[in-house]
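The values are calculated or read from the model by the stated rules, or taken from the named source; none is laboratory data. As the structure is a computational prediction, the values presented were derived from the model and not from experiment. Using ideal geometry, Cβ is built from the backbone for each residue, glycine included, and neighbour counts are taken over all protein chains shown. For the accessible areas, the whole protein counts, side chains as well, though only heavy atoms, and no ligand, DNA or RNA atoms are used. Shrake-Rupley method; radii C 1.70, N 1.55, O 1.52, S 1.80 Å.
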Amino acid sequence: MPEVLARSTRQGLATGATVDALHEDFETLWRKADFVPDMDRMAFSTAVIEAASNVVQHAVPASDTPLQLGVEITIWSRRLEARISEIGAAPSSPGLSNPSEIDDESESGRGLNLIHALVSTVTFERHGEDNVWVLCRDSSEA
Amino acid sequence: MQFTVETTPAYAEVNGSGRLNMVAAPLLREVVAAVVAEGNHHVVVNMEGTEFMDSSGLGALIGCLKIARQAGGDLRIANVQPQVKMVLELTSMHRVLNPYESVDAAFPHA
């Protein structure tokens, strides 16, 4: 099993403030994992923040309890992984937008397609009371 | 994210410093809508200090472009950083929001 070289975790209310804090987490993480090439950092962090923003904007709480956003990022030598949890969310299954349905004047609908373009694999799973996105980017040089 | 506006006879320059994400996107819309409402129909968004943009930020730029065009003008972007360039290209929106190398180059004959 490859060694984990850096890890970051955050959990908070599913709000823009938690997404903003995630940006700060990445800055700290990349200082610890300075071997990760710039292109991999840029693509992976964009995908993770895009997914976290999707949780804030679209996830629906399963009860009166406010929705929480959880993000766990793990860096291996050749793999970057993020688990983004919609904690306490109703079951859902976000689907890709059909590119033909997004014209040049559309102001939304590009997020999921962008995530898929930025990472190697995207999975969306139901775990207990949570929906969990798992984003992985393979990095040949990391 | 912080926005500042400078107006010239030819265009209004909106400077955005920080992260153009879901938090800042509505602010950009407000700033550009106010600039256009004041009669500045040609707008350049100077993205030299915009270190990050997600699809919410991109959506805001598209909304701002529509506001300017509906007023008979246009909106252009300049000085984009590598992450913003990546998002524009992966979404193919660089065809619509073509990045200019400088603010002056955005409206050379305005």
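Of A:70, B:99, B:35, which is farthest on the positive side of the dipole of the protein assembly as shown, counting Cα position, with +1 on Lys and Arg Cβ, -1 on Asp and Glu Cβ, and the Cα centre as origin?
My answer, from the dipole projection, is A:70.
Relative contact order for region B:2-106: what is it in percent, counting Cα pairs under 8 Å that are at least 6 residues apart? Working shown, then result.
Values: 196 pairs, mean separation 27.4, N = 105.
26 percent.
From other protein chains only, count the Cβ atoms within 10 Å of every residue's Cβ in A:106-116, then give the mean. Could you put the intermediate results ahead of the total?
On the way: counts 3, 13, 6, 2, 11, 7, 1, 3, 7, 1, 1.
Across A:106-116, the average partner-chain Cβ count within 10 Å equals 5.
Net charge near residue B:92: determine it from the other residues with C-beta under 12 Å of the C-beta of residue B:92, scoring Lys and Arg +1 and Asp and Glu -1.
Working: positive: A:110, B:95; negative: A:103, A:104, B:89.
Result for the local shell: -1.
Taking only protein heavy atoms and a 1.4 Å probe, what accessible area per residue, in Å², does region B:2-106 have with all protein chains in place? Mind showing how you got there, number by number?
Details: 4340 Å² over 105 residues.
Computed with neighbouring chains in place, this is 41 Å² per residue.
Would you tell me the mean number of C-beta atoms belonging to other protein chains that fall within 10 Å of each C-beta in B:49-57, as a whole number?
Numbers: counts 0, 0, 1, 6, 1, 12, 13, 12, 1.
If you average over the peptide's residues, the count of other-chain Cβ atoms is 5.
Considering only protein heavy atoms and a 1.4 Å probe, what is the carbon-and-sulfur percentage of the accessible area of chain A?
Working: 3330 of 6990 Å².
Carbon-and-sulfur percentage of accessible area, whole number: 48.
So which trypsin sites (Lys or Arg not before Pro) in region A:55-142 are both in a DSSP loop and have at most 15 other Cβ atoms within 10 Å of their Cβ? Could the numbers behind the result be given before it?
On the way: sites: A:78, A:79, A:83, A:110, A:126, A:137; in loops: A:78, A:110.
Those that pass, being in a loop and sparsely packed, are A:78.
Within region B:41-79, which residues have the backbone N less than 14 Å from the label spot 7 Å out from residue B:102 along Cα→beta-carbon, could you tell me?
B:78-79
If you take each beta carbon of peptide B:9-21 and count the beta carbons of other chains within 10 angstrom, what is the mean? Walk me through the numbers before you get to the answer.
Numbers: counts 0, 0, 0, 0, 0, 0, 0, 0, 0, 2, 4, 0, 9.
So the per-residue partner count for this stretch is 1.
Take peptides B:31-38, A:44-51, B:74-81 and line them up by average Cβ neighbours within 10 Å, highest first, as a rough protection proxy. Mind showing how you got there, number by number?
Working: B:31-38: 17.6, A:44-51: 25.6, B:74-81: 20.8.
With the highest mean Cβ count within 10 Å placed first, the list reads A:44-51, B:74-81, B:31-38.
Just B:29, B:95, B:69 to compare: in a GNM of chain B, with alpha carbon springs under 10 Å, which one fluctuates most?
B:95
By the scheme Lys and Arg +1, Asp and Glu -1, what is the net charge of all other residues having a beta-carbon under 11 Å from that of residue A:111?
Values: positive: A:110; negative: A:50, B:54.
Surrounding charge for residue A:111 is -1.
Per residue, what accessible area does region A:1-106 have, given a 1.4 Å probe and all protein chains present, in Å²? Could the numbers behind the result be given before it?
Working: 5350 Å² over 106 residues.
Spelled out: the 1.4 Å probe surface of region A:1-106, per residue, equals 51 Å².
How many percent of the accessible area of region B:2-106 is carbon or sulfur, using a 1.4 Å probe?
Working: 2070 of 4340 Å².
Reported share for carbon and sulfur atoms: 48 percent.
Name the residues of region B:58-87 whose accessible area falls by at least 40 Å² when all protein chains are present instead of the chain alone, probe 1.4 Å?
When all protein chains are present, B:62, B:66, B:86 each give up 40 Å² or more of accessible surface.
Starting from the 7 Å offset along Cα-to-Cβ, what nm value, one decimal, do you get for the label separation of residue A:104 and residue B:81?
Placing both labels 7 Å beyond Cα along the Cβ direction yields 2.8 nm.
So how much accessible surface do B and A hide from each other in total, probe 1.4 Å, in square angstrom to the nearest 100? Let's see the in-between values first.
Working: alone 5760 and 7970 Å², together 11730 Å².
In total, this chain pair buries about 2000 Å².
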